[in-house]
Each structure stands twice: as structure tokens, then as C-alpha cells.
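The values are calculated or read from the model by the stated rules, or taken from the named source; none is laboratory data. Computed from a predicted model, the values in this text were never measured in an experiment. Methodologically, a virtual Cβ is constructed for each residue, glycine included, from the backbone with ideal geometry; neighbour enumeration extends over all protein chains shown.
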């Protein structure tokens, strides 16, 4: 959809065209609501080739799942799709105005924010280049494919204890402290009970597939590495609108209720930007709920949210 042919008034604007946004927009399209999806094309799992743990789609290419969802959505005649960025969102009477990156405004009665998050990785040479291929954050998404091999956990702080305690169900785990985390005696005992090897030496770089090069000259080959990323919202819209935020273990996320309504009436949020942790299956479920709730608002008003 070129911007020249874009309508300016919609029932609902969905910002974000990944799994959560697609799911929300599909519910609205099936209710024959006029929907605009604004998508900047920054799907969080674009670095991963395959998606796992999503019922009926296990092992399928992540990009193919999103592409098929988009294709199916765009068959609905009340949907318009804009490949681009939403720069600003403001209250406009009983609804909202979203300003696009070129300055043009589009209006709607309700907004669904499915803007995702951006992962911030430790500044360790070789780590970012392997993100999504041999460096991961979600054991449920990627642990099984490591075939019970040697798995490394790159410590970034106390939260890495969680990774180290979980991952022995998927392989033989080494926790690389890397001067970022010092387990106390109780934690050391818990790690030992789970069979976790502790490696205290500093890490110099990651090379090869997932080889951890240590400052003392040793190189330990791993089937895969896990690291806790810090996250921040992929868009400033929620904060611009005044949505309440909540501090999660890896960063701020938008606070919502069970119907995915934010603290701002008429604004809904779903996907990774609106929960402390997530995956594709959770994003799709959240999006469906947000889409249904936004539809209810177009009928009954803010009291329905």
C-alpha cells in the first residue's frame, strides 16, 4: 500500500506487523473493522531461521510464518498495510492520531501497540554476530535442537542463574562467570546439584560456531550459548501516550490488564513489548486478545476495555 493511496481514518490502527500485530489485526479484519497496520519490518526473531514451540508450526521458518500471516490478513478488504514507521501518537478527541515518519497523520478510535522489543547484548566480541544462530535467550525456543550437547551460559548478572539452572534439561551446561556474576554458596550448591560446571575465567571472544575463547588461552567449544539480553521497546509510542510501564527482569514493558488494555483508555498492547517474557505462541495469543478487546471498544466504548 503506497502512502499516496492510504486512507486517513480507521477504526483501529495496529502498530507492528509481526506475530502479535498480525494476530490482533486478523481478529479486527474478521469483524469487518477498518484496520491499518503500520509495520517497520523489525520482527524480533528475524535473526533466527526457524521457530519452535508454536502449535502446528514447530520447526517452520520464522519468516515464512510471518509472511503467510501477512498474506492471509491482506486478503481482507477492510485492511490496509503500510510498510513504514509510526513516529508519534497523540490523543485526538475521543480517538488517536498517529503521525507517520513523513509527517502525515492517520486517525483511529483505538490503537493496538504491537511494537516488539530490541535486544541489547553484552559487548563481547563475536556474540552479536551469532545472535539467533548459535547464541540464544530462550531455552524453550532453541534448547532441544542442541541435542543434549555442551551448552554455555554467558553470565551477565544474577539473572543468569535462572538460565544456568534451567538448561541442564537440554544438555551439559557450563556457566561462564566472565567477572559478571559471583554465585554465593547456596547458589553454588544448587548449580552443583544440577550438574552445572562453573568456569570463572574471563571470556575474550566468541569464535567459530559457538567457541568460547578465554583470557587464559583456552578455547571451549559449545553446541550453543545462552545469554540474557536487556530489552527496550521498539517504539516510543507507549511512553508518548502516557501508558504505565512495568519493570521486568530484562527491562521495562507496557503494563496491561487481562484484556491487553493499557492504562490509557483506547490503547491496547500485545506481544513482547507488553509482557516480561514471550515467544511466538504467546505473542499470537496476546494479539488475538488485544484485537478482540479493541473491537469491543469500537462498539461499547472505553468501558468495554
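For segment 4-32, filtering for residues that are surrounded by fewer than 24 Cβ atoms within 10 Å (Cβ to Cβ), more than 26 Å from residue 51 (Cβ to Cβ) and in contact with a helix residue (DSSP H, G or I) (Cβ under 6 Å, 6 or more places away or on another chain) leaves 2.
Of all residues in segment 85-96, at least one satisfies being within 19 Å of the chain's Cα centre (by Cα) and either touching a residue at least 24 places away in the same chain (Cβ under 8 Å) or within 17 Å of residue 114 (Cβ to Cβ) (or both).
Taking the condition in contact with a strand residue (DSSP E or B) (Cβ under 7 Å, 6 or more places away or on another chain), modelled with pLDDT of 95 or more and closer than 30 Å to residue 271 by Cβ, does residue 181 pass? First the steps, then the outcome.
On the way: in contact with a strand residue (DSSP E or B) (Cβ under 7 Å, 6 or more places away or on another chain): no; modelled with pLDDT of 95 or more: yes; closer than 30 Å to residue 271 by Cβ: yes.
In short, no.
The sole residue among 53, 103 that is outside the structural domain of residue 132 (by TED's automatic domain parsing), in a loop (DSSP other than H, G, I, E, B) and either buried (at least 21 other Cβ atoms within 10 Å of the Cβ) or more than 17 Å from the chain's Cα centre (by Cα) (or both) is 103.
Considering each residue of segment 252-261 in turn, at least one proves to be loosely packed, with under 14 Cβ neighbours inside 10 Å and at pLDDT 95 or above.
Taken together, 210, 274 contain a single residue that is closer than 30 Å to residue 127 by Cα, at pLDDT 95 or above, within 24 Å of the chain's Cα centre (by Cα) and assigned by TED's automatic domain parsing to the domain that holds residue 196, which is 210.
Against the condition crowded, with 18+ Cβ neighbours inside 10 Å and either within 28 Å of residue 51 (Cα to Cα) or in contact with a helix residue (DSSP H, G or I) (Cβ under 9 Å, 6 or more places away or on another chain) (or both), how does residue 275 come out, does it pass? Talk me through it step by step, then tell me what you get.
Values: crowded, with 18+ Cβ neighbours inside 10 Å: yes; either within 28 Å of residue 51 (Cα to Cα) or in contact with a helix residue (DSSP H, G or I) (Cβ under 9 Å, 6 or more places away or on another chain) (or both): yes.
In short, yes.
Among the strands (runs of 3 or more DSSP E) confined to segment 133-236, the ones with at least 3 residues that are buried (at least 19 other Cβ atoms within 10 Å of the Cβ) and touching a residue at least 12 places away in the same chain (Cβ under 8 Å) are located at 150-154, 172-176, 224-227.
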